[in-house]
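Trainee: I'd like to ask you about the structure that follows.
What follows is calculated from the coordinates using simple rules that are stated; it is not laboratory data. Worth saying up front: this structure is predicted, and the values here are computed from it rather than measured. Cβ placement follows ideal geometry from the backbone for every residue including glycine, while neighbour counts extend to all protein chains displayed.
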Amino acid sequence: MSPPLNPAKTLGGGPIPRTLFSSLLQPTFKSPSSIFLSNGRIPHALRIASKLNTSQDSKSRAPPDDNNSKKKKKRIVVFGSAPPVSEEGNGVAGNGEGKRAPAGVPLWGFFKRMPKKVLAALSNLPLAIGEMFAIAALMALGTVIDQGEAPDHYFQKYPEENPVFGFVTWRWVLGLGFDHMFTSPVFLCMLILLAASLMACTYTTQIPLVKVARRWSFMNSTEAIRKQEFAESLPRASIQDLGIILMGAGYEVFVKGPSLYAFKGMAGRFAPIGVHLAMLLIMAGGTLSATGSFRGSVTVPQGLNFVVGDVMSPNGFLSFPTQAFNTEVHVNKFYMDYYDSGEVSQFFTDISLFSLDGKEVMRKTIRVNDPLRYGGLTIYQTDWGFSALQISKNGEGPFNLAMAPLQTNGDKKLFGTFLPIGNTDSPNVKGISMLARDLQSIVLYDQEGKFAGVRRPSSKLPIEIDGMKIVIEDAIGSTGLDLKTDPGVPIVYAGFGALMLTTSISFLSHSQVWALQDGTTVVFGGKTNRGKIEFQEEMNCLLDKVPEIIVVDDTLNG
Amino acid sequence: MIFVALEHILTHISFSIISIVITIHFMNLLVYEIVGLRDSSEKGMIVTFFSITGLLISRWISSGHFPLSNLYESLIFLSCSLFIIHIISKKSNHKNNLSIITTPSTIFTQGFATSGLSTEMHQSAILVPALQSQWLMMHVSMMLLSYAALLCGSLLSIALLIITFRNNIHFFCKRKNFLIRPFFFGEIKYLNEKRRRVFKIKNPSSFSFRNYYKYQLTQHLDYWSYRMISLGFTFLTIGILCGAVWANEAWGSYWSWDPKETWAFITWTVFAIYLHTRTNQSLQGTNSALIASIGFFIIWICYFGVNLLGIGLHSYGSFTLTSN
C-alpha cells in the first residue's frame, strides 16, 4: 500500500507534467462512456446519444458557471488526467507511455541501457498474449506426446511412412525435444521470453501507473465531475453528510472547502504489479530449484543405515553440497497401518540422524505428507518394499530369505521368495514358495505349487509343509525414501504467498468519488476500475442515504 | 448403515426435485412463463441445495474424511458450489441473472453425477496415504469452486458470443435456427426479463429498441462474465498453489508436470490471457469472450479429460465410461 495521498499538495498543479497526459487525454475526452462501448456497430447510437446528452446537460445546467469556464478548462487538464490511465488497467503499453516513463529508480537502473525499442516491443500486450498462448499450446502438446520414453517408442508411434496429421514424424518430435517438453529448449525459451515480457511490462506500464495513481486529487469544476462514469447531482444536500456516509461505507474521505475526494480499494490498483512480481519470484525460485538442488532416492531395509551424501546427486551447476550431507541416516523401524479392509492406510518410518561423530541429532517418525526436515535436507516417505522374510525351519534358524518383487499388471505390489528343499544343485530344484502382497500376511505353497496356508508374521504359528515345520519369524520391510535439498523452495513459497495475496486483492476494485458543493446542490461523480455495476449500485444506495436539507429559514419566513 | 440409507434418500430427493425444476424451466422457455412456477423452482433449488449439502455432510461423517476423494463426490461438490454461486447472486440482489447459467449447469452436473457414473463409483473410497492431509480440503475445494465460477463466467461469455453472432446465423440458416433455439433459451429469457424491467422504469429512449436491449444485454453479459472469471481465477490460483505446496509436502516436488497439473496451468494461462485482453479496449468484447469460451472447453479437459486417461498423480479420480 502506498501512503495516504496528500491531495492538498498536488492540488497546486505544481510539477505535474501536462505533456505526459496531453496525448492520453484525447480518447477520454472524445467519449467519456467509451469504456462501455466495446464493439463497433451497436454502441454507435449510444455514443452519439450520450454526447448529445452531455451537451444538453451542460447547456441546461451550465449557465451560471459559464463565466469562469475558461479558467476551469485549464484545470480539467490536470484533474481529468487520471481516467485514461485507469482504463488502461494493467499490462498495456499500446500507446507507448513507456517511452515517456521517467527512469530514475535505482532498482530498474540497468533497464536504462536497454534499447527502448526492445522494451516497448516486449511490453506489447499482443506479444505477451501470444507468448501465453504459445506456452499453453506447448504444455498441451506435452501432455499429448508421451514424455521421457526411449527413442524407439517415438520411432514406432510417429513413423515416417505414416505421419500423424500428415506431417508429424519422430524427426519433429525428437528434433524439437518434445519428448521431454518441459525441459526442451523451445519451452524454456518461451518461458524466458514471458519473464522478459513480465519485467518489461512491469517497468514500462505498471510502475508509471502507480505514479499516476498517486496524483489523484480534488476536482474543482462541476463539469469534470459530471464527465465521470457515474454522475449525479443532489439538490439540497451537504457535502459533509455525503462525506460521513462515504466514510461509513469504508471510503477514505478528504474534504477541502467545497470539494470532496474519496477513494476505496487503492490496493486493487496496485495488486496487478504484485501479481507480476510474484510470478517473477516464482520463476526465479523455480530456476534456482532446477539448477541448485540435490535429489536422491534410496530403498533401505529396516535396521540399516546410509550416508546422505552417498545417495544425493546434483541437479544442476549451482548444486553445492551442504553440511547435512555428512549425516548418517539410520532406519530404526518401518511399518504400515492398514484399514479394516486390508488396504494400506499409511506408511511410517522411524529414522534417526547421526552426525559425523556418531551423535544422534534428530529422530522422527515420518510418513507420507509428513517429511523430516534437517538443515536444508528433506526426507520424504515415498515407497516401500519387502526386503526379507525371517523363517525358521524345523527349529533351526532363523534364516533370512530375500524377497524379490514380482511383475504384476496393475499397481499392486507382489513379492515372493523360495525355500529350496533337497539338493540345491540339481537342475530342477523344488521347494516352498512364499508370496506376499504386504507385510501382513504371507501365502505359502508347497513343492507341487499347491496352496498350503497363510501365516501372519506376528502370530509365530508354525505351518507343516511336506513334513517340515516352518515358522515365519518376521517380515522385514524396506522403506523407500526420497531425499532432497532445494534452495529454491523458500523463494517459490514466498512467490506463492505473494501471488495468492495479490490475485485476491486484484479482485477488489479501486473506486474514486469526487463531489463539489455548488450552492445547495452537491454535484457527485465517481468511477471505478473493475466492479462497475456493483459500484453503481453501491453509489445509488449511498446517495439515497444522504439527508435532504430542509431550509428552515424559508418556512419561517413564509 | 443409517448413513447409506440417508445418502440414498438425499440423492433421490435432490435428483427428483432437480428433474421437476428442469421441467419447469423448459416449460417456461418453450411454452410460456408462469410466475408462480418460477418461484417454486427457486424453492426447489434451495431444497436441492440443502439435500446435496446434507449428502456431503453425511458422507463426511460416515467416511471420516472430507468427501472429495473421487469423481462422484467432486461432481456433487461442483454442483454444490454452483448452487452457492447461484444463491449468493440471488441474495446479493444484483440483477445479474446468473441463475440462467447456474440452474441448468447444476442440473447437468447433478444429473451426470447421479446417473452418468456407475454405482460402484458412488462408493466412498478409502484415502490412499498421499491424500491424507489437511491440504486435501483446501486444494480440492478451491479447485472445484474455481471450476464452478469459471464455468459460469465462460458460459456467460459463450452466451455473449451467440447473441453477437446470432443475427448472422439467422441470416444464412433460418431453418437450422429452430434446432438451435433451445440453446438460446437463457438469452431469450434474459432478454424478456430485461425488457420487462426497462418497461417498468419507462426509460424514454429514442434508440431502436431491439438494438438497445441487445446492447445492454451484451454489456451485462460481458461485465458479469468478467467478474465471475476474475473470482474464479483467484480461486484457481489459490487452488493450484495449495496443490503445489501439498505436493512438496507429499512427494518432494512442488511442480512435476503431471498431466492434471499441466492442464490446470493451461486453464490458468488461458484465463490469464482473458484478464489481459480485458485491459485493452481494442481486444475487449468479442475477442475476450472468444478466449473465455476456449477456456470453457479447457476446464472440461482439465476436469474430465485427464481423468478419463487416468494417468499421473491425480489418477485416483479416474474412471471408465460405462458403455456396457
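Trainee: Given points 7 Å out from each Cα along the Cα-Cβ axis, report the A:ALA195 to A:SER341 separation in nanometres with one decimal.
Mentor: 4.5 nm
Trainee: Apply the a/c threshold of 1.5 to the C-alpha gyration tensor of region B:207-310 and tell me whether it is rounded, prolate or oblate.
Mentor: Values: a/c = 3.28, a/b = 2.51, b/c = 1.31.
Taking the square roots of the gyration eigenvalues as a ≥ b ≥ c, region B:207-310 is prolate.
Trainee: Another question about this same structure. If we count other beta carbons within 10 Å of each Cβ, what is the order of A:THR205, A:THR327, fewest first? Display every interim value, and only then the final one.
Mentor: On the way: A:THR205 26, A:THR327 22.
In order of increasing Cβ crowding within 10 Å: A:THR327, A:THR205.
Trainee: By the gyration tensor of its Cα atoms, with a ≥ b ≥ c the square roots of the eigenvalues, what is the shape of region A:318-408: rounded for a/c under 1.5, prolate for a/b over b/c, or oblate? Each step should come with its number before you reach the end.
Mentor: Values: a/c = 2.25, a/b = 1.57, b/c = 1.43.
Verdict is prolate for region A:318-408.
Trainee: Let me check I've understood the local charge: for A:ASP446, count other residues with C-beta under 15 angstrom from its C-beta, Lys and Arg +1, Asp and Glu -1. What total comes out? Mind showing how you got there, number by number?
Mentor: On the way: positive: A:LYS393, A:LYS430, A:LYS450, A:ARG455, A:LYS469; negative: A:GLU448, A:GLU464, A:ASP466.
After counting each charged neighbour, the total is +2.
Trainee: Taking each residue in A:338-345, count the Cβ atoms of any other chain within 10 Å of its Cβ, then average. What number comes out?
Mentor: 2
Trainee: Scaled to the compact-protein estimate 2.2 N^0.38 Å, what is the alpha-carbon radius of gyration of region A:109-207, rounded to two decimal places? Spell out each step's value before the answer.
Mentor: Numbers: Rg = 17.7 Å, N = 99, 2.2 N^0.38 = 12.6 Å.
Relative to the 2.2 N^0.38 Å estimate, region A:109-207 comes out at 1.40.
Trainee: Using the alpha carbon gyration tensor of region A:303-346, what are the three equivalent-ellipsoid semi-axes (square root of 5 times each eigenvalue), largest first, in whole Å?
Mentor: Gyration-tensor ellipsoid for region A:303-346: 33, 15, 7 Å.
Trainee: Here's something else I'd like to know. Which pairs, out of A:LYS364/A:LYS460; A:LYS211/A:LYS256; A:LYS256/B:LYS91; A:LYS333/A:LYS413; A:LYS364/A:LYS469, put more than 31 Å between their alpha-carbon atoms?
Mentor: Numbers: A:LYS364/A:LYS460 29 Å; A:LYS211/A:LYS256 23 Å; A:LYS256/B:LYS91 38 Å; A:LYS333/A:LYS413 20 Å; A:LYS364/A:LYS469 39 Å.
Going by Cα-Cα distance, A:LYS256/B:LYS91; A:LYS364/A:LYS469 fall outside the 31 Å limit.
Trainee: For A:VAL255 paired with A:LYS333, estimate the spin-label separation in nm (one decimal), with each label point 7 Å from Cα along the Cα-to-Cβ line.
Mentor: Here the modelled spin labels are 7.3 nm apart.
Trainee: Is there a simple number for the mean count of other chain Cβ atoms within 10 Å of the Cβ of residues in A:133-139, and what is it? Don't skip to the answer; put the middle values down first.
Mentor: Details: counts 5, 1, 3, 12, 2, 2, 8.
Per-residue shielding by partner chains comes out at 5.
Trainee: Quantify how strongly other chains surround peptide B:271-278 by giving the mean number of their Cβ atoms within 10 Å of each of its Cβ atoms. Can you show the working numbers first?
Mentor: Details: counts 0, 8, 7, 1, 7, 11, 4, 4.
Per residue, the average neighbour count from other chains is 5.
Trainee: Return the Cα extents of region B:1-122 along principal axes one, two and three, sorted largest first, each rounded to a whole Å.
Mentor: The Cα atoms of region B:1-122 stretch 44, 28, 22 Å along their principal axes.
Trainee: Related question: Shape of region A:387-474 from its Cα gyration tensor (a ≥ b ≥ c, root eigenvalues): rounded if a/c is under 1.5, otherwise prolate when a/b > b/c, or oblate? Mind showing how you got there, number by number?
Mentor: Details: a/c = 1.63, a/b = 1.15, b/c = 1.41.
In terms of gyration-tensor shape, oblate.
Trainee: Which residue, A:ILE432, A:PHE418, A:GLY376, has the largest displacement toward the positive end of the dipole of region A:354-435 when charges sit on each Cβ (Lys, Arg +1; Asp, Glu -1)?
Mentor: Toward the positive end, the furthest listed residue is A:GLY376.
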